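Working notes, structure below.
Just so it is clear, none of the values below were taken in a lab; they were calculated from the coordinates. Note that the structure is predicted; figures quoted are calculated from it, not measured. Cβ coordinates were reconstructed from backbone atoms using ideal geometry, including for glycine residues, and neighbour counts include every protein chain displayed.
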Amino acid sequence: MPIFIKDGIDNPEEIKTMPEVYRYPVNDKLINYIEESLKNGINKFILFGVPKIKDDLATSAMDSDGIIQKTLKLIKNTFGGKVLLITDECTDEYTSHGHCGIVTINGSSYKVDNDESIKLHAKIALSQAKAGADVIAPSSMMDGVVGEIRKTLDENGFQDVPIMAYSSKYASTFYGPFREAAYSKPAFGDRRGYQMDPRNLEEGVREVYLDIQEGADIVMVKPAHTYLDVIRRVKQSFPCYPLAAYHVSGEYSMLKAAAINGWIDEKRAVLEVTNAIFRAGADIVITYFAEDIAKWLKQQS
């Protein structure tokens, strides 16, 4: 289950574009939420931070007292090994420009510097591992980022911390609600220079192969229910590798809006879509419906 954590608030904030999804403070409200999730059978969480301070180099993302680092320490000190914490490793939430790396500007033109960016991502990943992350999930789609993070973690004694790579991540319109939730909309341009063209299936498979070669332990396709063909193709190509699929914010919000308006049966629709993602080949599904699904399954049993 994804969780948004925001610095500088005392109470949960509902996200307007994602009904029934909240940003949580780093306090007992977050602990209560996780306790309730554990009771429902959810014990694996992927964390997204919303910091107070943003700058061009995402310095708050690697701060030992940053929003994700504080959250990791609080949750681990409270629950220990009862939970598995995955950290989204990127810069878009932490940079003033909202891009997934270091941006260089020359007059009216700009570019994301891939080779310098991966060094920054490795530093962020190391900071998250030191704070207690069980799994690092790099989502920037920078070329070589998985290898750079693996090397950095290994050199600093974190050989046993696995990497779940956002390997096949498409430049999708369905990320819109997330960008409102995490305040991560790019200030200029877009992310099509480093995320993948939605029309291109073969590139998705190649990107997964490259991440496996660089040391990824789990690979991912994102989005999920609008990319079932990619999930199937990746699983057929790499059957021995754990495959995650991210049912993203826009996919969630479409189903939720239709359910709120009475156009679909929410439970049946969500279970149908989630089953389709697993049927296509996913071993792991990341979904904002995780707690609902857990409750429904608990009721059935």
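Report the gain in length on full extension from Ile284 to Asp55: 0.36 nm times residue separation, minus Cα-Cα distance, nm rounded to one decimal.
Working: separation 229, 0.36 × 229 = 82.44 nm, distance 3.36 nm.
Once the chain is fully extended between Ile284 and Asp55, it gains 79.1 nm.
For the range 1-160, what relative contact order do you get, as a whole percent, if you take Cα pairs closer than 8 Å and at least 6 residues apart?
Details: 281 pairs, mean separation 31.6, N = 160.
About 20 percent, as a whole number.
Cα centroids of the range 37-77 and the range 284-301: how far apart, whole angstrom?
With the range 37-77 and the range 284-301 each reduced to a Cα centre, they are spaced 23 Å.
With charges set only on the Cβ (+1 for Lys and Arg, -1 for Asp and Glu), what does the dipole of the range 82-164 come to about its Cα centre, in debye to the nearest 20? Could the numbers behind the result be given before it?
Values: 7 positive and 13 negative charges, 27 e Å.
That gives a dipole near 120 debye.
Output wanted: per-residue J couplings in Hz (rounded whole) for the range 22-36, from phi through Karplus 6.51 cos²θ - 1.76 cosθ + 1.60, θ = phi - 60°, x for Gly and Pro.
Once rounded to whole Hz, the list reads 10, 8, 10, x, 8, 7, 5, 5, 5, 4, 4, 5, 5, 4, 5.
Tell me the relative contact order for the chain as a rounded percent, counting alpha carbon contacts under 8 Å between residues six or more apart.
16
Can you find, among Ala290, Ile163, Val270, the residue farthest towards the positive end of the dipole of the chain? Put +1 on the C-beta of Lys and Arg, -1 on that of Asp and Glu.
My answer, from the dipole projection, is Val270.
Using 26 Å as the Cα-Cα cut-off, could you pick out the over-long pairs in Lys6/Lys222; Lys169/Lys235; Lys73/Lys298? Before the final figure, lay out the partial values.
Values: Lys6/Lys222 24 Å; Lys169/Lys235 15 Å; Lys73/Lys298 30 Å.
The answer is Lys73/Lys298.
Given a cut-off of under 8 Å on Cα pairs at least six residues apart, what relative contact order in percent is computed for the range 76-117? Mind showing how you got there, number by number?
On the way: 31 pairs, mean separation 9.7, N = 42.
Relative CO of the range 76-117 lands at 23 percent.
Of Gly66, Val50, Leu85, which is farthest towards the positive pole of the range 25-91's charge dipole, taken about the Cα centre with +1 and -1 on the beta-carbons of Lys, Arg and Asp, Glu respectively?
It is Leu85.
Please list, by residue number, every one of the chymotrypsin sites (Phe, Trp or Tyr not before Pro) in the range 195-279 that is coil in DSSP and has at most 14 other beta-carbon atoms within 10 Å.
Working: sites: Tyr209, Tyr227, Tyr246, Tyr252, Trp263, Phe278; in loops: Tyr227, Trp263.
Listed in order of number, the matching sites are Trp263.
Per 0.36 nm of contour for each residue apart, how much would the distance between Gln213 and Glu272 grow if the chain were fully extended, relative to their Cα-Cα spacing?
Values: separation 59, 0.36 × 59 = 21.24 nm, distance 3.39 nm.
In short, 17.9 nm is gained.
With a ≥ b ≥ c the root eigenvalues of the C-alpha gyration tensor of the chain, is it rounded (a/c under 1.5), prolate (a/b larger than b/c) or oblate? Kindly include the intermediate steps, with their values, before the conclusion.
Details: a/c = 1.33, a/b = 1.15, b/c = 1.15.
Taking the square roots of the gyration eigenvalues as a ≥ b ≥ c, the chain is rounded.
Under 16 Å Cα-Cα from Lys119, which lysines qualify once same-chain neighbours fewer than 8 residues away are excluded?
Lys151
Beta carbons within 10 angstrom, averaged per residue: use that to sort the peptides 129-135, 217-223, 22-28, highest first.
On the way: 129-135: 19.9, 217-223: 23.7, 22-28: 17.7.
Those peptides, ordered most packed to least, come out 217-223, 129-135, 22-28.
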